[in-house]
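The values are calculated or read from the model by the stated rules, or taken from the named source; none is laboratory data. All values reported here derive from a predicted model rather than from experimental measurement. No Cβ is skipped: glycine too gets one built from the backbone with ideal geometry, and neighbour counts run over all protein chains shown. Side chains are part of the model used for accessible areas, which takes the heavy atoms of the whole protein and leaves out ligands, DNA and RNA. Shrake-Rupley method; radii C 1.70, N 1.55, O 1.52, S 1.80 Å.
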Amino acid sequence: MKKLIFAAFVALLSWAGAQEQGGSMVVTYKDDIATLDPAIGYDWQNWSIIKSMFDGLMDYEPGTTKLVPHLAESYSVSEDGKTYTFKLRSGVKFHNGREMTADDVKYSLERTLNPDTRSPGQGFFLVISGAQDFIDGNAGEVSGIKVLDAATVEITLDAPDASFLHRMAINFSYIVPKEAIEQFGEDFGRNPVGTGAFMLKDWQLGQQLTIERFPDYFETGLPYLDEISFQVGVEPTVALLRLQRGEVDILGDGIPPAQFVDIFNDEANQELIAYGPQLQTGYLTMNVTLAPFDNVKVRQAVNMAINKDRIVRIINGRATPANQVLPPLMPGYDDSYSGYAYDVEGAKALLAEAGFADGFATILYANNTDPNPRIAQSIQQDLAAIGISAELRTQAQSTVIEAGGTEGDEGAPMIWSGGMAWIADYPDPNNFYWPILGCAGAVPGGWNWAWYCNEDLEAKAAEADAMVQTDQEEARLALWKNIYGQIMADAPWVPIFNETRYTMHSARLGGDNNIFIDPIHIPVNYDHVFIK
Amino acid sequence: MTLIASTPSRPSTWRSLRRNPAAMFGLIVVLLVILIALFAPLLAPKNPAEQFFEGLTLEGSPLSPNQDFWLGTDLLGRDLLSRLIYGARISLLVGLIANGAALLIGTLLGSLAGYFGGALAKIIMRFTDIMMAFPALLLAIALSAILRPSLWIVAMVIALVNWVQVARVVYAQTLSLAESEFVTAANALGAGNGRIMFRHLFPHLLPTMLVYGTLGISTTVLLEATLSFLGVGVQPPTPSWGGIINESQSYFLTAPWLVFFPGSAILLTAVSFNLLGDGLREALDPKLRR
Amino acid sequence: MFLRYIVSRLLQTALVILGVVTISFFITNLVPADPARLIAGRLATAETVENIRSQLGLDRPLVEQYWRYLQRLFQGDLGRSYQQRTEVKTLLLSRLPATLQLSLGAIVFELLIGIPLGILAALEFGKFWDKAIMVLAFIGVSAPQFALGLILLYLFAYLWNMFPLGGYGSIHHLILPALTLGISGAGWYARMMRSSLLDVMNADYVRTGVAKGLGRSKVIFKHALRNAVLPVIAMIGLDIGLLMGGVVVVESVFAWPGIGQLAWQAIQIVDIPIIMGTVLLTAGFIVLGNLLADLLYPLADPRLRYG
């Protein structure tokens, strides 16, 4: 698999080398683009645009999940895995013309950590030494981030963390210029200034955002396009028709479900549709602190009761049934694990063994936007088949999230996760553990809606994350496989499906297939597409 | 459009209603919908909640009307006709509860304000001003977000939005009644406020309540459908006409019947209650019969 | 006299707005969801969430929050969106043109369809066309907008390719959503126009005119119609507000980037400053519309006096 991706990458590079720059494209979205502040933006509309306007110390090889230094020229990790030294690339300029220095790196990370920024990414960097003191106001700076010279930054962690380099590749760590933040204040998100391949040209709120090539971008030859326009307020169906007429190049919201079958089966579209897996798992949580879900047999019975094939059919086959927590694309995915088979009779027997031969009544929460109420109703019917009568509560996502984080009987016994914007932040197995299956998330207001907290696994997870050296990687992934295997045995979740990404683009748009389904950039990697 | 009461004599009301073909059409459809709702289990060809395996194509698309599923299936493979038939229950039930509550609140507050006047009337009528200035739909959406949506809650939310109209009409009418001779006379004879309100006022308000009770159901049916369409109405899998359209929305270009049939059911029911209500209004108020 | 009337009406209007603000403030703050948690993200500690709550003032007693909101409101400050960090004022202003365009488009359809039908019904009073039009008016009033919108889209945009399938931009984009929104109003205008014209036709001067031997149609078109249309036109004020309050559905069906969509998305993520801002703006249009109607009505009918 890895070799294949690498070969594809080499092919891409040689292709890219011959590629000329120029041209522009149009991308459509139904919803508005909320903000382009990298410390704040956390929607799938702005996530990828921010990646093209800002840069972090680390990044991924285009179209893959392989980490590479980016604004950093190189880095080194200390023996104990706690200290990272980043050597910065020289001559990197911000859109305002100023050269980026190590001070900007420190400033940007501290800005994300600063409580006044109210960044949803703050939690990713708490592992840095002195971060908590800084947040609490006990220190004026983060002691663990040291500027050694204008081109060298040293970051010290409280404990070794194998995913730290991934954290330096997510948007929340991207470098911003202090003077622009001070100039625009809270409106920085509307006046973004970064080091990225594209810079802001024009923004008509609620209608259109245009970004243009940053001529001084440090990666020579990139980006290919001169300009990208994002049109918002475009219904996906309209976007599709306009793409067929040649007015639109990328469908930001994907192919509309009703047209999917026709479009996908049409020979003429074969060249225009790229598809591949996504770093996503749709799952059903069972609150292990609430009876009868405190009984592992009940949870296993539910795992056997759900007809995942039918659910996949309901969403037109745009996913594959899941049997474990991690999606197949994620390192640490266990190919040899087969999960719980769909077995209604077996589920009934298990339920009877647990003392619920006559079933029981419970409540299932779900987000109220299509297709989630439909998926929840399908789950509801499957539960009814083994005697569990689940009352549905389909509500706004904020209400569901609140119920999920509420302790005790007032909380949610079951939640269908769809529509709650859960796509992995970075391609490392620990991203599915700490926030949504670890003990830290199983608190009031947390995101571990199963309230699953296993001290034993918690220790193993910490052990795995302490394996930071390259030669430990295999052992680390094996440990994570083991952890997720035990989680599946405990069955706090029913993994339902992994979404497949289908990206449709216009015929004039070129780029490697991987670029159109880049696991990190959704919908596409804007820096690497070009006009043929 | 207030009704100045003359105690109605029923036979004449009925006679004038019968001469009005539009109102009769409304009445017949309303009765039909009531019958469908009452006998839904007998009429529905299939279980409205069952997601049939053969109700979807292999690619997961709904079926168009065919021999097995007369009006086709929805996106979960359920029988649309059966869901529409059961949906009549939800529409009517919410209509009756919501409108009944709105009528009760509206009549009570309107007549209190009209009869006692003074500061009480000022407060109540100012409050109706505020309610009138509220974007009704946003209010209903916000309320359904706070409260757990169930049939009763949806009905109460609608009632909270809809009572204002009734209160204003009843207020105006009570105001003129309070000055009328028979109330003044009763007052002079020493009848208490309660007795006057119940014995003399309410009977004269009845025709108005009847008219608004009928017209209001139309508004209620529409509002329930709208809330369900926005996903904040009656909870699935309860079949609600608006809810069916909500679930089918993304498919309307390839499966327009999923919008057309429930949409027609909503329209037909709402029109019928309106026609009947309007007929009643004309029948009860001879002045309108030009 | 007139001035005093205006001042007192404006005062009343301000009071009504204050009432709307008060009620909606308490309702939105009762929503069982914590905006701070949604801002803080998945990895946030309880401490961080608490910190955000205190920054946004959400940890204060509700009454105090309310008081602070009012104070800012009086200074013209609607606050900033929790999620987008942009000023609510900026967001509202960016959405207002789309919603105004839609509402005005709807009014054009209401008048274009409603008034001629109302006139025809009145002229044909009691005959077939009168009855047919009145039934039609009820159908318009009773049509569920979301289904109507989808069906119009299916027919005119998808099958017959006459209009775009939704979205915002040219006059072409406006027609279907405005028609959807205008159809129920057209029903009301038809009824109003009919009864207004019937009133005028029964008035003395028209009867006298007809009795004097001036042709019936001449009297109607020269005199009656003008007088009958004015009170109907005065209702437009009322209408603007009603339309603005009801655009959520049509905007969502047609992907119209207006106030309704903004409000709907804000409700999903409890972005309270935006919710408050949209309610306030809509309520403002409703009361101003009412005011306009009240002021126009007496102008249309000189027999009414300001009192």
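Observations
- Only helices enter this figure: runs of n ≥ 4 DSSP H residues, each worth -39500 (n - 2.57), summed and divided by the residues of chain C, yield -24000 deg cm²/dmol at 222 nm to the nearest 500.
- Taking the Kirkwood radius as Rh and the Cα radius of gyration as Rg, chain C has a ratio of Rg/Rh equal to 1.08.
- The alpha carbons of chain A give a radius of gyration and a Dmax of 23.5, 71 Å, in that order.
- For A:390-396, mean number of other protein chain Cβ atoms within 10 Å: 6
- Of all beta bridges that DSSP places with both ends in the protein assembly as shown, some 75 percent have antiparallel geometry.
- Normalised per residue, the volume of the convex hull around the Cα set of the range B:148-290 (Å³): 127
- Simple point charges give the picture: +1 on the Cβ of Lys and Arg, -1 on the Cβ of Asp and Glu, and for the range A:44-190 a dipole about the Cα centre of about 440 debye.
- Set of aspartates and glutamates near A:Lys297 by C-alpha distance (under 13 Å), chain-local residues within fewer than 8 positions excluded: A:Glu353, A:Asp490
- Taking 20 °C and 1.002 mPa s as conditions, the range A:272-336 diffuses translationally at an estimated 154 µm²/s according to Stokes-Einstein applied to its Kirkwood radius (Cα pairs).
- When the pairs A:Lys82/A:Lys106; A:Lys87/A:Lys481; A:Lys51/A:Lys87 are compared against a 26 Å limit on Cα-Cα distance, A:Lys87/A:Lys481 fall above it.
- Computed over the Cα atoms of the range A:280-500, pair by distinct pair, the Kirkwood hydrodynamic radius stands at 17.4 angstrom.
- Radius 9 Å from Cβ of C:Tyr82, net charge of other residues (Lys, Arg +1; Asp, Glu -1): +2
- Principal-axis analysis of the Cα atoms of chain A puts helix A:473-490 at an angle of about 30° to the longest axis.
- Volume per residue that the Cα convex hull of the range A:44-190 spans, once the total is divided by residue count, Å³: 117
- Principal axis dimensions, the range A:317-384 - Cα atoms, whole angstrom, descending: 40, 34, 18
- Value of Rg to Rh for chain B, rounded to two decimals, is 1.06; Kirkwood radius and Rg both from alpha-carbon coordinates.
- A simple rule links phi to the HN-Hα coupling: the Karplus curve 6.51 cos²θ - 1.76 cosθ + 1.60 with θ = phi - 60°, which for the range A:31-40 gives 8, 5, 8, 6, 7, 10, 7, x, 7, 10 Hz, with x for Gly and Pro.
- Cα-Cα P(r), the range A:298-418, percent of pairs per 5 Å interval: 2, 11, 18, 19, 21, 17, 9, 2, 0
- Karplus (6.51, -1.76, 1.60) ³J(HN,Hα), θ = phi - 60°, over the range A:337-348, in Hz, Gly and Pro reported as x: 7, 10, x, 8, 6, 5, 7, 5, 5, x, 5, 4
- Note on chain B: GNM, Cα springs under 10 Å; of B:Thr214, B:Thr73, B:Thr13, the largest mean-square fluctuation is that of B:Thr13.
- Seen from a random direction on average, the alpha-carbon convex hull of the range C:143-186 projects onto 2.9 square nanometres.
- Result for chain C in a Gaussian network model with C-alpha springs under 10 Å: among C:Leu111, C:Leu62, C:Leu243, the largest mean-square fluctuation is at C:Leu62.
- A:Tyr75, A:Tyr42, ranked by accessible area, largest first (probe 1.4 Å): A:Tyr75, A:Tyr42
- Its Kirkwood hydrodynamic radius, worked out from the mean inverse distance over all distinct Cα pairs, puts the range B:1-145 at 19.9 Å.
- Per-residue [θ]222 nm for chain A (sum of -39500 (n - 2.57) over DSSP H runs n ≥ 4, rounded to 500): -8500 deg cm²/dmol
- Fluctuation leader among C:Ile151, C:Ile183, C:Ile233 - chain C, Gaussian network, Cα springs under 10 angstrom: C:Ile151
- Residues B:Leu58, B:Leu35, C:Leu73, ordered by accessible area of protein heavy atoms at a 1.4 angstrom probe radius and largest first, appear as B:Leu58, B:Leu35, C:Leu73.
- Rounded to the nearest whole Hz, the Karplus-based 3J(HN,Hα) values (6.51 cos²θ - 1.76 cosθ + 1.60, θ = phi - 60°) of the range A:248-263 follow the sequence 10, 9, 9, 8, x, 8, x, 7, x, x, 5, 8, 4, 4, 4, 5, with x at glycine and proline.
- At a probe radius of 1.4 angstrom, the accessible area of the range C:98-249 per residue rounds to 43 square angstrom.
- Packing around the peptides A:329-337, A:87-95, A:424-432, taken as the average count of other Cβ atoms within 10 Å per residue, puts them in this order, highest first: A:424-432, A:87-95, A:329-337.
- According to the Kirkwood relation over distinct C-alpha pairs, the hydrodynamic radius of the protein assembly as shown is 32.1 Å.
- All lysines inside 20 Å of C:Lys222 as judged from Cα atoms, apart from same-chain residues fewer than 8 positions distant: C:Lys212
- Distances between placed amide hydrogens fall under 5 Å for B:Gly233 paired with B:Ser228, all partners being 5 or more residues away or on another chain.
- Computed label-point distance, nm, for sites B:Arg199 and C:Lys127 using a 7 Å Cα→Cβ extension: 5.3
- Shielding value for C:248-256 is 4, the average number of Cβ atoms from other chains within 10 Å of each residue's Cβ.
- Measuring with a 1.4 angstrom probe and ignoring ligands and nucleic acids, C:Val219 comes out at about 10 Å² accessible.
- Put simply, the amide H of A:Ile363, placed in the peptide plane, has neighbours under 5 Å in A:Glu391, A:Met414, leaving out anything fewer than 5 places away on its chain.
- Cut-off under 5 Å, modelled amide H: who pairs with A:Thr394 long-range: A:Ala366
- Its Cα gyration tensor gives the range C:1-65 an equivalent ellipsoid. The semi-axes, each the square root of 5 times an eigenvalue, are 40, 10, 9 Å from largest down.
- Chain B: calculated mean residue ellipticity at 222 nm from DSSP helix runs of at least 4, using -39500 (n - 2.57): -22500 deg cm²/dmol
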